[in-house]
1. Positive end of the charge dipole of region 261-411 (Lys, Arg +1 and Asp, Glu -1 on Cβ, about the Cα centre): tell me which of G301, G344, W402 has its Cα farthest that way.
2. D410 to N146: extension gain in nm, 0.36 nm per residue of separation minus the Cα-Cα distance?
3. Along the three principal axes, how long is region 238-373 when you take its alpha carbons, biggest first, rounded to the nearest angstrom?
4. In Å and on Cα atoms, what radius of gyration and Dmax does region 128-213 show?
5. May I ask for log10 I(q)/I(0) of region 1-46 at q = 0.24, 0.26 Å⁻¹, from a Debye sum over the Cα atoms as equal point scatterers with solvent left out?
6. Toward the positive end of the charge dipole of the chain, about the Cα centre and with charges on Cβ (Lys, Arg +1; Asp, Glu -1), which of M168, P210, F30 goes farthest?
7. Tell me, what is the per residue accessible area of region 100-219 in Å², probe radius 1.4 Å?
8. Rank by packing, highest mean first: peptides 62-73, 102-113, 325-336, with packing defined as the count of other Cβ atoms within 10 Å averaged across residues.
Amino acid sequence: MRTGLLGEHLAHSFSPRIHALLGNPGYKLFEVAPEALDTFMQSGCFDALNVTIPYKRAVISYCAALTNAARGIGSVNTIVRRADGMLLGDNTDAAGFRGMLARLNVDLAGKKALVLGSGGASRTAQYVLREAGCGEVIVISRSGENNYANLYLHADARLLVNATPVGMYPNCGVSPVNLDVLPQLEGVLDLIYNPARTRLLLDAEARGIPCANGLFMLAEQARKAAERFTGTEIDLARSEEIRKTLSAETLNLILIGMPGCGKSTLGAILAEQSGRRFADADAEIEKKTGIPVPDFIRANGEGAFRAMESAVLAELGRESGLVIATGGGCVARAENRDLLRQNGIIIFVQRDLSLLPTDGRPLSQSSRLGDLYRARLPLYREFAEAEILNDAAPEIVAAQIWEAFHEISDR
Ligand code: NAP
């Protein structure tokens, strides 16, 4: 069966991987420019398609029939060629968003929900939220009556859905709204899945508001699409399995800890075992400055070094699937935590003070190291989602790190 994804820019698409996990390794990417869309749709070169930005509406005119969801939402993300050769347009994003909402497990009956953005994903979210019994579904649009300047009118909103691309890779670190304006939120959903934690989701987490990214929605819409393609039911549990697999594959594994605690050795082993790229933050800084870190600090001061380090962590932190070893002092700046957490899991490599290198001096004389250790310990613990004691052979400790990483990425 000839299947694939139709869109304009597909370089970062997760869809071939998801459909391979669903048992369809032949799933292709059809990157088509707007002026070539008509030729592509008439070509008959596919049996079934998924459709993404910017064609979810444009393909409707090529469909001989639409499902109720596709008609109700006004957008098609799945097309199946029927036996008579005509195209049936469907929308499985709705099932995907329904699944995402169900996982959040918030009672929405009679409550106000805000949906940011007025594009295709917004229409899907509105459709499902109305179906879920929300009292009011308000669309916040840059040019609408309800907009970002008068968001305070909706301080009673209980659910916030981001259906804009604001905060999406590579333009990470920005949020479409300030959550202080919406004090009654019981849930925040961001349809973006790269990075795993957008600025909006980090802000929601910091306030203790239940929240989720769009990865489950992506997996669930694909499962539903694969069912349409093959006419065969696929167990719902597959979507959760795919979410976990993609989460583990795409999140960065980040090691923090004192100088000499074993981050570089362990990082190299972990990267080799997984086929991931290993990035050493200090080495990346040296690449940028062209001089060794101690020389840079001597010449420019620690403040300039920390600013440079944050810039490098921002760059590395938004990438996917890396093993990253950080400099021992990266915890000195609180902002580095979110730069690393936006698309990664931070693991503290703990090593007893007596085992840390002391440049040949007896530990009793290197009191600065002891002071640093005591000052940084609570910061490492604040940054990290797991702590692993490096007191065994590197391969054994690496295995413990993997276990902790997968336990967290599965959540
Ligand atoms: P779209 O049709 O282009 O609509 C996006 C909407 O966002 C626009 O209509 C616009 O609404 C608003 N917007 C665009 N740029 C903005 C900016 N700079 N600042 C504020 N608002 C902006 O895209 P879409 O297909 O709806 O997708 C939206 C997001 O959902 C994307 O990030 C996409 O990756 C994600 N998505 C995820 C899944 C999933 O399975 N997880 C599925 C579909 C989409 P206004 O002009 O009204 O402000």
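The values are calculated or read from the model by the stated rules, or taken from the named source; none is laboratory data. As the structure is a prediction and not an experimental result, all values here were calculated from the model. Reconstructed Cβ throughout: ideal geometry from the backbone, glycine too, with neighbour counts over all protein chains shown. SASA here: full protein model, heavy atoms, side chains in, ligands and nucleic acids out. Shrake-Rupley method; radii C 1.70, N 1.55, O 1.52, S 1.80 Å.
1. Of the listed residues, the answer is G301.
2. Details: separation 264, 0.36 × 264 = 95.04 nm, distance 3.71 nm.
Net length gain for the segment: 91.3 nm.
3. 57, 32, 26
4. 12.5, 35
5. Log-scaled intensity ratios, in q order: -0.86, -0.95.
6. Towards the positive end, the residue furthest out is F30.
7. Working: 4920 Å² over 120 residues.
So region 100-219 comes to 41 Å² accessible per residue, rounded to a whole number.
8. Numbers: 62-73: 17.8, 102-113: 15.3, 325-336: 20.1.
Highest mean packing first, the order is 325-336, 62-73, 102-113.
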